[in-house]
Amino acid sequence: MDIKLLRIDSRLVHGQVANNWAGTLGAEAILAVSDGAANDELRKTLMLQTGGGKVKVHVLGVEKAARVYKNPKYAHLKAVIVVETPADILRLLDLGVEATEVNVGGMTFKQDTKALSQAVYVSDQDVKDFEEINRRGLTQYIQQVPSTSRSDLMGALKSKGFIS
């Protein structure tokens, strides 16, 4: 599989991902990778309707997504993979998905999270997971839409005092 973008976005698939990212990158498919969403028929149905047009949306659990990634049948598929958390990224990596960078687009506010940027709120566990992703050599950056500039995620964590 040709991963055009590996993105963390707690909303998974919405217009910004379906229209801006997938279109700009020439993706043929969006894989919304979430065990919770894959097992929630209402949520899955809503996401499947978001894609429309040329981009096909698939909602898959993490393990199934890793199997699809490894399947030779999909070797030439140009895809955007969207997950909800950095923990999902680690699970994908542990299951053999290969990537060089992670786009952190949006992590919504929840209890016990702190603002990292206008659209990214992190928990202590998220910070640990980002540090592990960094140790594995992946570049991580914050960028909401393709037309805005990237900012270094690890630098943002340091500047906010979340890591030393």
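The values are calculated or read from the model by the stated rules, or taken from the named source; none is laboratory data. Predicted model, so just to flag it, every value in this text is computed and none were measured. For neighbour counting, all protein chains shown are included, and Cβ atoms are generated from backbone atoms with ideal geometry for every residue, glycine included.
Structure notes:
- Scanning the range 1-21 for residues that are among the basic types (Lys, Arg) and either free of Cβ contacts under 8 Å to residues at least 40 places away in the same chain or in a strand (DSSP E or B) (or both) returns Lys4, Arg7.
- Qualifying residue in the range 22-37 (condition: in a helix (DSSP H, G or I) and within 16 Å of Val97 (Cβ to Cβ)): yes
- Residues within the range 44-66 that are in contact (Cβ under 8 Å) with a residue 12 or more places away in the chain and within 18 Å of the chain's Cα centre (by Cα), tallied: 16
- Qualifying residue in the range 125-136 (condition: touching a Lys or Arg at 6+ places or on another chain (Cβ under 9 Å), outside any strand (DSSP E or B), within 18 Å of Arg11 (Cα to Cα) and not hydrophobic (A, V, I, L, M, F, W, C)): no
Here's the yes/no breakdown for (1) under 15 Å from Leu5 (Cα atoms); (2) surrounded by fewer than 20 Cβ atoms within 10 Å (Cβ to Cβ); (3) among the charged types (D, E, K, R); (4) modelled with pLDDT of 95 or more:
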| residue | (1), (2), (3), (4) |
| --- | --- |
| Leu90 | no, yes, no, yes |
| Glu101 | yes, yes, yes, yes |
| Phe109 | no, yes, no, yes |
| Gln118 | no, yes, no, no |
| Glu131 | no, yes, yes, yes |
| Arg150 | yes, yes, yes, yes |
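- Looking only at the range 119-135, residues that are in contact (Cβ under 8 Å) with a residue 12 or more places away in the chain and within 15 Å of Glu101 (Cα to Cα) come to 6 in all.
- Subset tally (residues that are of a type in the set (Phe, Trp, Tyr) and crowded, with 19+ Cβ neighbours inside 10 Å) for the range 36-79: 1
- Scanning the range 40-63 for residues that are assigned to a helix (DSSP H, G or I), closer than 18 Å to Arg7 by Cβ and modelled with pLDDT of 95 or more yields one hit, Val62.
- Number of positions in the range 99-119 that are at negative phi and part of a loop (DSSP other than H, G, I, E, B): 11
- Close pairs (6 angstrom Cβ cut-off, 6 or more residues apart or separate chains): farther than 16 Å from Val122 by Cα and of a type in the set (Val, Ile, Thr) in the range 136-154, part of a strand (DSSP E or B) and at pLDDT 95 or above anywhere: Thr139/Glu101
- Gly96 being in a strand (DSSP E or B) and either in contact with a helix residue (DSSP H, G or I) (Cβ under 7 Å, 6 or more places away or on another chain) or surrounded by 13 or more Cβ atoms within 10 Å (Cβ to Cβ) (or both): no
- Pairing each residue of the range 69-96 that is touching a residue at least 12 places away in the same chain (Cβ under 8 Å) and polar (S, T, N, Q) with any residue that is crowded, with 19+ Cβ neighbours inside 10 Å and assigned to a strand (DSSP E or B), provided the two are 6+ apart or on different chains, yields C-beta distances under 9 Å for Thr85/Ile8; Thr85/Met107.
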